[in-house]
Amino acid sequence: MSENAFFLNGNEVTFTPGQTILEVAEANGVRIPTLCHLKGTTPTGACRICVVEVKGARSLMPSCATPAARGMDVKTESPRVIKARRMVLELLLASGNHNCAAPGGVADDDWTGFQLGVQNMDGTGDLCPVWGDCKLQELAFQYQVRGSRFTPNPGKYPTELKNPLIVRDFSRCILCGRCVQACNEVQVNRAISHGYRGYDSKIVAAEDKALIDSECVFCGECVQACPVGALVEKKSRYVWRPWKAKKIRTTCPYCGVGCQQWLHVQDGKIVKVTGVEDGAPNKGRLCVKGRFGYDFIYSEERLKTPLIRDEKGDFRPASWDEALNLVADKFKQIIAESGPDALAGVSCARSINEDSYQMQKLFRAVFKTNNIDHCART
Ligand code: SF4
Ligand code: SF4
Ligand code: SF4
């Protein structure tokens with residue numbers, strides 16, 4: 001065995017010093033389930049779903065926080081591991097209003113009552129807003145967890161509907177902490193943290209205020225990181241359904257950074273936007289405009305035709321030919337009367353590079369002036 005190697009499910013694998021068991025497993029195509037793990041941030045080992053059996057170790061080890069070491073003998077799906085994962089899933093399902101699978105302590109006869117209770121709490125008769133796009137639900141099905149010895153605890157905090165863009169449903173929060181890491185370590189906004197203890201535990205903003213009353217800038221990184229339905233985009237809640245929507249990759253139109261986005265399009269309309277996790281330059285991150293500012297394209301107030309101001313100062317609709325001819329005539333008139341430096345152009349930051357390039361060519365090569373700039377922000 002080479003110096004940096006160990007056995008993973010009976011196969012010898014190599015590692016780079018500092019890599020965790022989870023990272024080595026991923027690099028070797030071995031899937032270990034995770035809930036609290038957020039790539040690129042400090043591992044917390046909070047959820048215990050990624051535990052593995054390491055020969056000789058007294059307890060199961062969280063693979064996200066355990067460094068690989070020479071000669072280890074690691075089993076990722078042993079009966080002991082499966083039993084532990086099922087227990088974690090049972091406890092998590094019983095820890096809130098998880099009405100997509102039969103949760104802990106609900107007898108078959110009570111199931112409809114529980115379901116109705118959750119729907120009433122939600123103010124809707126619909127399925128959980130993230131049904132079909134939830135890591136907890138996915139794992140509950142994978143490990144066939146239905147029912148348990150634990151009485152479900154619907155939680156003590158009401159859903160926070162006050163924020164304009166994000167709904168916080170504490171009854172579905174599994175306290176994995178991914179939102180805290182996304183806010184503090186990925187976006188470095190430091191708006192939320194873990195608050196209270198035990199049964200009272202809660203993710204808090206400022207001194208337990210609504211996000212709108214805190215330092216939150218509504219970048220939505222926490223929503224993208226949340227593995228369950230505890231943080232949901234308000235505009236797409238109960239509208240977006242993963243089985244109805246298709247994903248289209250595009251570049252954010254708002255500024256020159258060029259963040260990569262997924263547009264979630266349903267019935268021909270964008271209903272939600274997420275960042276492309278492995279796409280440069282943003283690696284999944286978006287700002288408030290990129291993530292939530294997509295619906296202006298459906299505004300009734302959008303200009304659909306050029307407007308020309310008449311002698312009285314009122315706007316009247318015009319054709320593109322008429323508007324462009326008017327602008328060209330005015331440019332020619334100004335250059336003839338006062339020279340090219342009497343003109344100046346400001347290219348919009350929302351323009352694509354190619355349009356901005358053409359704009360400066362027009363000013364420099366055609367009008368013969370260097371009075372051309374680019375507005376930094378929109
Ligand atoms: S958050 Fe996930 S596990 Fe909970 S009810 Fe919704 S889909 Fe089910
Ligand atoms: S929206 Fe952004 S700033 Fe606000 S809590 Fe979430 S990650 Fe932090
Ligand atoms: S809100 Fe979501 S990401 Fe944050 S702790 Fe709860 S379940 Fe985890």
Rg(Cα) of the stretch 47-96 divided by 2.2 N^0.38 Å? 1.21
What FRET efficiency do you get for Lys162 and Asn11 if R0 is 51 Å and r is their Cβ-Cβ distance, rounded to the nearest 0.05? 0.45
For labels at Val288 and Glu138 in the simple 7 Å Cα→Cβ model, what's the distance in nm? 3.0 nm
Shape descriptor, the stretch 5-77: equivalent ellipsoid semi-axes (Cα gyration tensor, sqrt 5λ, whole Å, largest first) stand at 18, 14, 11
Could you pull the accessible area for Glu215 with a 1.4 Å probe, rounded to 10 Å²? 130 Å²
If N is the residue count of the stretch 19-170, its Cα Rg over 2.2 N^0.38 Å rounds to 1.19
Could you work out how far apart the two model spin labels at Phe315 and Lys55 are, taking each label as a point 7 Å from the Cα in the direction of the beta carbon, and quote it in nm? 7.5 nm
Kindly provide log₁₀ I(q)/I(0) values, in the same order as q = 0.19, 0.21, 0.27, 0.28 Å⁻¹, from the Debye equation applied to equal alpha-carbon scatterers of the stretch 239-302. -0.70, -0.83, -1.18, -1.22
For each pair in Lys244/Lys283; Lys247/Lys272; Lys330/Lys368; Lys332/Lys368; Lys39/Lys272; Lys135/Lys162, compute the distance between the two Cα atoms and list the pairs where it is over 21 Å. Lys244/Lys283; Lys39/Lys272; Lys135/Lys162
Which value results when the Cα radius of gyration for the chain is divided by 2.2 N^0.38 Å? 1.30
Would you please give the FRET efficiency between Thr112 and Asp208, computed as 1/(1 + (r/R0)^6) with r the Cβ-Cβ distance and R0 = 35 Å, to the nearest 0.05? 0.55
The stretch 248-347: D in µm²/s via Stokes-Einstein (Kirkwood Rh, Cα pairs, 25 °C, 0.890 mPa s)? 143 µm²/s
Normalising by the residue count of the stretch 174-236, find the relative contact order in percent from Cα pairs under 8 Å and 6+ residues apart. 32 percent
Among Phe331, Phe6, what's the order by accessible area (1.4 angstrom probe), most exposed first? Phe331, Phe6
Over all Cα pairs of the stretch 135-274, how is the pair count split among 5 Å bins, expressed in % and running from 0 up to the last occupied bin? 2, 9, 15, 20, 19, 16, 11, 6, 2, 0, 0
For Cα pairs less than 8 Å apart in space and 6+ apart in sequence, what is the mean separation divided by the residue count of the stretch 316-375, i.e. the relative contact order in percent? 33 percent
Spatial extent of the stretch 170-251: Rg and Dmax, with the Cα atoms as the point set, Å: 13.9, 43
Debye intensity ratio I(q)/I(0), log10, the stretch 307-374, q values 0.16, 0.25, 0.26 Å⁻¹ (C-alpha model): -0.68, -1.10, -1.11
FRET efficiency, Ala69 to Glu185 (Cβ-Cβ, R0 25 Å, nearest 0.05): 0.45
Under a GNM of the chain (C-alpha, springs under 10 Å), which listed residue has the highest mean-square fluctuation: Leu303, Leu35, Leu161? Leu303
Using alpha-carbon pairs under 8 Å, 6+ residues apart, how would you state the relative contact order of the stretch 8-93 in percent? 33 percent
With every protein chain left in place, what is the accessible area of Ser59 in Å² (1.4 Å probe, nearest 10)? 70 Å²
Within the accessible area of the stretch 5-77, what % is carbon and sulfur when the probe is 1.4 Å and the other protein chains stay in place? 51 percent
Once you list every other residue whose beta carbon is under 10 Å from the beta carbon of Gly195, what net charge do they have if Lys and Arg are +1 and Asp and Glu are -1? -1
Can you pull a Stokes-Einstein diffusion coefficient for the stretch 86-134 at 4 °C (1.567 mPa s), Rh from Kirkwood over Cα pairs, as a whole number of µm²/s? 114 µm²/s
Per-residue SASA entry for Glu23, accessible area with 1.4 Å probe, Å² rounded to 10: 80 Å²
Modelled label-to-label distance, Lys269 and Asp295, 7 Å Cα→beta-carbon offset: nm? 0.8 nm
Per DSSP H run of at least 4 residues, take -39500 (n - 2.57); add these up for the chain, divide by its residues and hand me the 222 nm value, nearest 500 deg cm²/dmol. -6500 deg cm²/dmol
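The values are calculated or read from the model by the stated rules, or taken from the named source; none is laboratory data. Owing to the predicted nature of the structure, the values given are computational and were not obtained by experimental measurement. FYI the Cβ positions are ideal-geometry reconstructions off the backbone, even for glycines, and counts take in every protein chain you see. Heavy atoms of the whole protein, side chains included, go into the accessibility calculation; ligands, DNA and RNA do not. Shrake-Rupley method; radii C 1.70, N 1.55, O 1.52, S 1.80 Å.
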